[in-house]
Amino acid sequence: MLERTHFTAWVLTALLSAPLALAQDASDPFAELPDEVPATTSSQPAESSQPAATSDAEGAASNAEGGDDSGASEDDFGSELEDDFGSELEGDFGSALEDEYGFDPADEFSSAEEPEDRDPWEGFNRAMFRFNDTADRWFLKPAAVSYRQVTPIFMQTGVSNFFSNLREINNVLNSVLQWKWGQASNDTGRFLVNSTVGLVGLFDVAQHMGLERSDGEDFGQTLAVWGVSSGPYVVVPFWGPSTVRDAPAVVVDWYTNPLSYVDDSAVENTLKALDLIQTRASLLKAESLLQGDRYVLMRDAYLQRREFLINDGEQEDDFGGDLDEYDF
């Protein structure tokens, strides 16, 4: 009877996934997504351009006959100012700051490491990125879109709060390993309050008591605090962006996840699938902003985010610090 139940669950999952996969386009699934180029649209119909041009010509002629050239001089002055000022900003701003203050703005916001140092396995990583992107486009993203469309917002918030509350256990363990006792106390209080008053975490009551949600801790951050180097960037199949240090740390995070200790495997897999779909649905809006080389954007965003989390949001602001002494 138990085997028939599991078989039925797998069949049901396959039947639910089939329409989502068939709904995708029939293009090459492993092809790179083309860059999105916004279409330029005219705010006025073509017919209106002729009268506008005629009226401008008549206005210019009347100004010439009456000796009033204020309109022409205003346009010339504006265009001349815009051309000179704009070209000066675009062409000379970086070099002027570099000559005067000794730094280049472009270098200030770039990574200290060269791309080949951060990503020496780019060929392999791009192949894995296309593989993961294909699996996402055919299965995970359609499920996330459907979930977002049929699930009310308050239920999505409750589901997100529930899984976020479970992750507080992992946050506490890694905060202790990193000797962040204040953060460990805060996350412990959040877990106790939300698990009881917040109805097993469905409601984030702790934030109204001054216990703010942290950015989260994981074992990869713990290794970084212990002095382990991140190593090269790597894209893990079915997982996504990572590094040589963070990829093995996922195993430890799996063991510290409370869902891994649910006795019923069907319930465990269902909860983990729901957590995955909820997380993917929360990224739909951010994904729509990606344009250009999506691989490079995802890589740089991941590495910068990891650096932010490891340093607890404390970033050195060299750009502002160099200019403060000049009292702008």
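Of all residues in segment 310-328, those being at pLDDT 80 or above and either out of contact with any helix residue (DSSP H, G or I) (no Cβ under 6 Å at 6 or more places or on another chain) or in a loop (DSSP other than H, G, I, E, B) (or both) number 2.
Scanning segment 189-241 for residues that are in contact (Cβ under 8 Å) with a residue 12 or more places away in the chain, exposed (fewer than 14 other Cβ atoms within 10 Å of the Cβ) and aliphatic (A, V, I, L, M) gives VAL200, MET209.
The condition (being within 19 Å of the chain's Cα centre (by Cα), crowded, with 17+ Cβ neighbours inside 10 Å and at pLDDT 95 or above) is satisfied by just one residue among PHE129, PHE163: PHE129. Within segment 242-265, how many residues are surrounded by 14 or more Cβ atoms within 10 Å (Cβ to Cβ), farther than 17 Å from ASN174 by Cα and modelled with pLDDT under 95? Number of matching residues: 2.
Going by what's in this entry, would GLU268 be described as at pLDDT 90 or above and charged (D, E, K, R)? Working first, answer last.
Details: at pLDDT 90 or above: yes; charged (D, E, K, R): yes.
The answer is yes for GLU268.
The values are calculated or read from the model by the stated rules, or taken from the named source; none is laboratory data. For clarity, every value in this text was computed on a predicted model and none was experimentally measured. Ideal geometry is used to build each Cβ from the backbone, glycine not excepted, and the neighbour counts take in all protein chains shown.
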